[in-house]
Amino acid sequence: MGFVTVILSLAATAVFLVNATPIVGGLGRAQLATPEIQQLVDSVRDDIISHLPIGYDREMPLPLKARFYREQVVAGTNYFIKVQTGPLRFIHVRIYENLDGVASVTGIQLQKSIRDPIEYF
């Protein structure tokens, strides 16, 4: 193994370790959406659709497929989720789940792409 390869490997490991440890109040690293995250999106589907502006295909069956997410531990958990709503069409949804497990939509960002990072909003 060459010197450059070892350095790159150590750097990648260090980045992973730094990002793998959640910080209370801080936003965790982006992860692939899990079935549990999809279930969370499904549980607040009507709330998400009610936050969309008129003309955003609210009347038709709108696919809401969770793709990626980040979480923030507070007095409960904030989930920042990249949701696909059509071919090459994405929104970011913020869902707050309290300590009793009750979830609600607390924000939506429109006109996102697959490449837009999920950030605090």
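The values are calculated or read from the model by the stated rules, or taken from the named source; none is laboratory data. It should be emphasised that the depicted structure is a prediction, and the values quoted were computed from it without experimental measurement. Virtual Cβ from ideal backbone geometry, glycine too; neighbours counted across all protein chains shown. Calculation scope for accessible area: heavy atoms of the full protein, side chains included, ligands and nucleic acids excluded. Shrake-Rupley method; radii C 1.70, N 1.55, O 1.52, S 1.80 Å.
Before moving on, here are some points about what is shown:
- Just so you know, in region 28-61 the residues that are among the small types (Gly, Ala, Ser) and part of a helix (DSSP H, G or I) include one that is farthest from Ile95 (Cα to Cα), and it is Ser50.
- Within region 79-102, residues that are over 16 Å from Pro35 (Cα atoms) reach partners that are part of a strand (DSSP E or B) and open to solvent by 50 Å² or more (accessible area, probe 1.4 Å) with beta carbons closer than 6 Å, at six or more positions or on different chains, in the pairs Phe90/Lys112; Ile91/Leu110; Ile91/Lys112; His92/Gln109; His92/Lys112; Arg94/Thr106; Tyr96/Thr106.
- Hey, Tyr79 open to solvent by 10 Å² or more (accessible area, probe 1.4 Å) and within 17 Å of Gln31 (Cβ to Cβ) or not: yes
- Members of region 22-41 found to be open to solvent by less than 90 Å² (accessible area, probe 1.4 Å) and either over 15 Å from Gly107 (Cβ atoms) or among the charged types (D, E, K, R) (or both), listed by number: Gly25, Gly26, Gly28, Ala30, Gln31, Ala33, Thr34, Ile37, Gln38
- When every residue of region 52-70 is checked against the conditions, none turns out to be modelled with pLDDT of 90 or more, out of contact with any helix residue (DSSP H, G or I) (no Cβ under 8 Å at 6 or more places or on another chain) and loosely packed, with under 12 Cβ neighbours inside 10 Å.
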